[in-house]
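The values are calculated or read from the model by the stated rules, or taken from the named source; none is laboratory data. Quantities reported herein were computed from a predicted structural model and do not represent experimental measurements. Note: ideal-geometry Cβ built from the backbone for every residue, glycine included; neighbour counts use all protein chains shown. Accessible surface areas use protein heavy atoms only, side chains included; no ligands, DNA or RNA. Shrake-Rupley method; radii C 1.70, N 1.55, O 1.52, S 1.80 Å.
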Amino acid sequence: KYFEKRSKTKMSTTTVEKKDGQQPQGGAGRGRDNRQGGRDNRQGGRDNRQGGGDKRQGGDRRRGRGGPRRGRKPRGEKEWIPVTKLGRLVKDRKITKLEQIYQFSIPIKEAQIIDFFVPKDVLKDEVMKISPVQKATPAGQRTRFKAIVAIGDGNGHCGLGIKCAAEVATAIRGALVLAKLSLAPVRRGYWGSNLGKPHTIPFKVTGKCGSVSVRLIPAPRGTGIVAAGVPKKLLQFAGIEDIFTSSIGHTKTLGNFVKATYAAVAKTYCFLTPDLWKDQEAQTNPFEEHSEWLENPVKTTGFSDNKRR
């Protein structure tokens, strides 16, 4: 009887509240209010996020979406600042021809010197081979890539570069720089009468690397380049039109085959033929001629003398 009386009193109180238009003080009403409050909070969070995006667009250097990336600068052609005496003379146009450098056997240690004399549209390059090489380390095998690149302007200059790096693109880029530094002059001549432009080499030359030996023989006009695919590409870059070749050894090893061909081509200026016996005026070395100009310190921006020391 006691419990029946309690349940009747509760039901009567709820019916009175509904008639008056008031909501019952139960858990349902509280849950709705909480949900509405949660929606308001979420909208406020969205507004905060939008405000953060505006801050990023306004120049806030935060990492993540929308913010600028640190450490990387836009790539572009930087101004060449020479670091050698030869580079300073070339940039200031004290040396106007590439042959002046070869005449005094001055070593080229900056690839920008070649870019200064030979335009990029004239200087052609080709990747001869890319091969993986491995080295055994305590942690396992380390794989790297070796790239062989040949370059030339088709007018008496050719070079060869070999570089090993962890990535293929880095190896090709490094081999191209080394090929420019090793750019060598190629002497061209005639077979028979000296009519027209030089079309072949003036005499027989031989180059050797490992077991591979390559012999270059002058050929009459119209013969073409009688050679395998590997030395043919290098001879085309050198500007030779007619030539015979013969090779001995394990020519399947492309690296030694290319090196032997490059060694033979670079020997063309090592012989003093009778047409070069004429008396010539001795010219002064560019370093001696411009010694006073080279003594002046290089003007740099952003660094004082104390900091450079």
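Protection proxy ranking, highest mean first, for peptides 242-253, 146-157: 146-157, 242-253, where packing is the per-residue count of other beta-carbon atoms within 10 Å, averaged. Under the classification rounded if a/c is under 1.5, otherwise prolate if a/b is larger than b/c and oblate if not, where does the range 146-293 fall, given a ≥ b ≥ c as square roots of the Cα gyration tensor eigenvalues? It comes out oblate by the Cα gyration axes. Rounded to the nearest 10 square angstrom, Leu123 shows an accessible area of 20 square angstrom against a 1.4 Å probe.
Solvent-accessible area of Tyr102, all protein chains in place: 50 Å² (probe radius 1.4 Å, heavy atoms, ligands and nucleic acids excluded). You can think of it this way: the chain between Ile217 and Glu281 has 19.8 nm of extra reach, that is 0.36 nm per residue less the Cα-Cα gap. For the pairs Lys146/Lys180; Lys197/Lys232; Lys91/Lys146, note any where the Cα-Cα span goes beyond 29 Å. Lys91/Lys146, as the Cα separations exceed 29 Å there. The modelled label-to-label distance between Ile81 and Thr143, using points 7 Å beyond Cα along the C-beta direction, is 3.9 nm. To the nearest 10, the accessible area of Trp80 is 40 Å² with a 1.4 Å probe. Distance between the 7 Å Cα→Cβ label points at Asp115 and Val127: 2.0 nm.
Taken as Cα centroids, the range 209-267 and the range 111-164 sit 18 Å apart, rounded to the nearest whole angstrom.
Note on surface exposure: Glu99, Glu167 rank Glu167, Glu99 by accessible area, highest first, 1.4 Å probe. Projected over every direction and averaged, the convex hull enclosing the alpha-carbon atoms of the range 225-266 yields 2.7 nm². In terms of the Cα gyration tensor, with a ≥ b ≥ c the square roots of its eigenvalues, is the range 81-170 rounded because a/c is under 1.5, prolate because a/b exceeds b/c, or oblate? Here the range 81-170 falls in the prolate category.
For the range 175-219, what does the alpha-carbon gyration tensor say about shape, rounded, prolate or oblate, given a ≥ b ≥ c as the root eigenvalues, a/c under 1.5 as rounded, and a/b over b/c as prolate? Note, shape of the range 175-219 comes out oblate.
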